[in-house]
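Below is one structure, written out as structure tokens; the observations come after it.
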Protein chains: 2
Amino acid sequence: MTTTALKARKEFGKTLASDIAHRLRNEIVTCQLKPNESLKFDALRLSFGASFTTLREALTLLVTEGLVVAEEQRGYKVAPVTLEDLDDLTHARILIEVDLLRRSIEKGDDEWEIRVISSLHRLARIEERAPEDYAGSAEWKAAHRQFHEALVSASGSPTLLAVRNSLFDRAERYRNLSAILRPRPRDKAGEHRALMQAAIGRNANQACDLIRSHIQTTSDNVAKYASGLISAG
Amino acid sequence: MTTTALKARKEFGKTLASDIAHRLRNEIVTCQLKPNESLKFDALRLSFGASFTTLREALTLLVTEGLVVAEEQRGYKVAPVTLEDLDDLTHARILIEVDLLRRSIEKGDDEWEIRVISSLHRLARIEERAPEDYAGSAEWKAAHRQFHEALVSASGSPTLLAVRNSLFDRAERYRNLSAILRPRPRDKAGEHRALMQAAIGRNANQACDLIRSHIQTTSDNVAKYASGLISAG
DNA sequence: ATGAGCAATATTTTCGAAAATAGTTATGGG
DNA sequence: CCCATAACTATTTTCGAAAATATTGCTCAT
């Protein structure tokens, strides 16, 4: 738990509650707040400088996103990480992401192509600039997220997109967890480029196969390298 | 808006907030609270007898379920109903429900078969007893919900099941809306029986086709009969 | 008449205190 | 010594007042 902040004002969202949710989400995904860590209101109040009520609203949000679990009358804690959960998550992600990608490829217009190409370009630049441990930087993570977001951004399905986004966060937490133990990050640059080419080339079947195995092998690697950190059940 | 209640105590959930959320959800799904109706705190406070904060938490939940929309700093309102939303919802439901059903059929054990058979039996009994307008009764709706829930209950995928449940609520709101105008409810008894038989018979492909067209034709009927009530965009 | 600027009102958003509940330690009887 | 029970502490949950923000209505100059 970071202990410095004492009183806080909005810096991101419209309402303070959504702002707190945003920051809390980030701390959980980056594992600054560790799995199973209990989230006590007093401590959070100190750390985020918001009142009980506002924190409660933020936590309620994160519960629906699966990053926090509530034990009624006994408080909140950071959601545990388990192999079952990782499998469940991976399955759901593949199902939804494949569908969204296929429809994006069908419907995507010029603007979509530009978003895909430019976000991949940005990602590649970051990787060139710091070939050592780029995957750890917040900058790379943001660019990585944006590339995958761009791919599915033309699907025209608000409902599934919202679900997709929260699943992406949950998955990123697992990736960050495995990064602690993994010797050297897998090189995903080639996969990303192939994905972009298949998408822009309107080769839906190929692109869907690529995204499926991209998600699956990432998950397999997490299970392989982070299994020591992941509780049994 | 029902205006009678003045002060309220828990009757369903663990915490008052989840209780309020449950009741609000029900009023929205049954269209007692109409689409686009603005949800003012003073009025809700009168109607549910809870404080600002508690209501806010409940509303936050319903926003993530897509039954309420928040315009930051300008309050909450019941989510609008549109043909685009109905299409989006229907697509998402088919994608997820088909996947869950297929896996339930693969994994389902004896207890699952019993749940499917008995919930269909209960549904059929309700339909026999009151063949007139059974679909309108709360009893039928609950049994109908339980049957469909039973079908997918062996999938072993908490994440997708949670999404499925909130999509079911959103869809039920559309069904209730169309029931206002529809002359006579479509007879779904046969479809439900066929669905049960395909599932229990472990005929996955057939069952998935059936659920797909069940969801799709229900949606088509809603669009047909309720289009007058559904705003253009 | 019309529209800009300002005051008054309505509504949402945030706060910290108070009530309710769970967890823990102390106490007494068997 | 051990278990049940009571008192106490820690923590969550709920409340209504206060601050922040948006909306409405009014005045006045053009």
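The values are calculated or read from the model by the stated rules, or taken from the named source; none is laboratory data. In this text, all values refer to a predicted model and were calculated from it rather than measured experimentally. FYI the Cβ positions are ideal-geometry reconstructions off the backbone, even for glycines, and counts take in every protein chain you see. Just the protein is used for accessible areas: all its heavy atoms, side chains included, with ligands, DNA and RNA removed. Shrake-Rupley method; radii C 1.70, N 1.55, O 1.52, S 1.80 Å.
What the table shows:
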{"quantity": "Single match in A:Ile105, A:Ile117 (criterion: open to solvent by less than 30 Å² (accessible area, probe 1.4 Å) and more than 30 Å from B:Leu62 (Cβ to Cβ))", "calculated": "A:Ile105"}
{"quantity": "Subset of the range A:104-133 (residues that are at pLDDT 95 or above, of a type in the set (Lys, Arg) and out of contact with any helix residue (DSSP H, G or I) (no Cβ under 8 Å at 6 or more places or on another chain))", "calculated": "A:Lys107"}
{"quantity": "Inter-residue pairs, beta-carbon under 6 Å, first farther than 15 Å from B:Ala162 by Cα and assigned to a loop (DSSP other than H, G, I, E, B) and in the range A:55-82, second open to solvent by less than 10 Å² (accessible area, probe 1.4 Å) and within 14 Å of DNA strand D (Cβ to nearest atom), 6+ apart", "calculated": "A:Ala79/A:Val68"}
{"quantity": "Residue tally, condition part of a helix (DSSP H, G or I) and either on the phi > 0 side of the Ramachandran plot or away from DNA strand C (no atom under 14 Å from the Cβ) (or both), over the range A:13-35", "calculated": "5"}
{"quantity": "All positions within the range A:47-67 that are farther than 12 Å from B:Thr54 by Cα and either among the hydroxyl-bearing types (Ser, Thr, Tyr) or in contact with a strand residue (DSSP E or B) (Cβ under 6 Å, 6 or more places away or on another chain) (or both)", "calculated": "A:Ser47, A:Ser51, A:Leu59, A:Leu62, A:Val63, A:Thr64"}
{"quantity": "Unmet criterion (only one of (1) at pLDDT 95 or above; (2) under 18 Å from the mean Cα position of the chain (by Cα); (3) surrounded by 17 or more Cβ atoms within 10 Å (Cβ to Cβ)) for B:Pro158", "calculated": "(3)"}
{"quantity": "Hits in the range A:48-75 (condition: under 23 Å from the mean Cα position of the chain (by Cα) and within 13 Å of DNA strand C (Cβ to nearest atom))", "calculated": "A:Phe48, A:Leu55, A:Arg56, A:Glu57, A:Ala58, A:Thr60, A:Leu61, A:Ala70"}
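Residues are listed down the side, and each one gets a yes or a no for (1) open to solvent by less than 10 Å² (accessible area, probe 1.4 Å); (2) within 13 Å of DNA strand D (Cβ to nearest atom); (3) at pLDDT 95 or above; (4) not assigned by TED's automatic domain parsing to the domain that holds A:Arg212:
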site: A:Pro35; (1), (2), (3), (4): no, no, yes, yes
site: A:Ser38; (1), (2), (3), (4): no, yes, yes, yes
site: A:Gly49; (1), (2), (3), (4): no, no, no, yes
site: A:Phe52; (1), (2), (3), (4): no, yes, yes, yes
site: A:Arg56; (1), (2), (3), (4): no, yes, yes, yes
site: A:Gln73; (1), (2), (3), (4): no, yes, no, yes
site: A:Leu89; (1), (2), (3), (4): yes, no, yes, no
site: A:Ile94; (1), (2), (3), (4): no, no, yes, no
